Ligand SMILES: [Zn+2]
C-alpha cells in the first residue's frame, strides 16, 4: 500500500487569479464607499475648509470653501487615500 492520498496542493492558478481579482474589486469598492462617506461629513459647527463657525446643517461658510474642499476630496479619492 503506497497510495499517495495527499491531493491537497496549491490552488490552480486560474482560481488564484480569480481570488485576486475579487479582492481587488472589493478593495476598490471599499475605497469608493469610504470616499462617499467622507462627502457626507458630519456637522461640526465649523466650515470644513477654513474652520469658520457655521450655522446648523451648514458645512461650509461659503461656496468657495465648499469648492476648495470638494477639489481636495476628489484629489484624495484619486490618490486612493
Ligand atoms: Zn470656510
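The values are calculated or read from the model by the stated rules, or taken from the named source; none is laboratory data. Keep in mind it's a predicted model, so treat the numbers as computed, not measured. Every residue, glycine among them, receives a Cβ derived from its backbone with ideal geometry; neighbour counts consider all protein chains shown.
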Seminar exercise, completed: All conditions in (1) more than 10 Å from the ligand (Cβ to nearest atom); (2) part of a helix (DSSP H, G or I); (3) modelled with pLDDT of 85 or more are true of residue 36 except (3)
Exercise. Looking at (1) modelled with pLDDT under 85; (2) surrounded by 12 or more Cβ atoms within 10 Å (Cβ to Cβ), can you tell me which one residue 54 breaks?
Worked result: (1)
Exercise. When you go through (1) surrounded by fewer than 11 Cβ atoms within 10 Å (Cβ to Cβ); (2) modelled with pLDDT of 90 or more one by one for residue 47, which number turns out not to apply?
Worked result: (1)
For this session: Go over the candidates 27, 41, 31 one by one and state the one that is modelled with pLDDT under 65, within 30 Å of residue 76 (Cβ to Cβ) and surrounded by 10 or more Cβ atoms within 10 Å (Cβ to Cβ).
Result: 41
For this session: Return the pairs, sorted by first residue and then second, in which the second residue is surrounded by 12 or more Cβ atoms within 10 Å (Cβ to Cβ) and at pLDDT 90 or above, the first residue lies in segment 69-81 and is within 21 Å of residue 47 (Cβ to Cβ), the beta carbons are less than 7 Å apart, and the residues are 6+ apart or on different chains.
Result: 69/49; 69/60
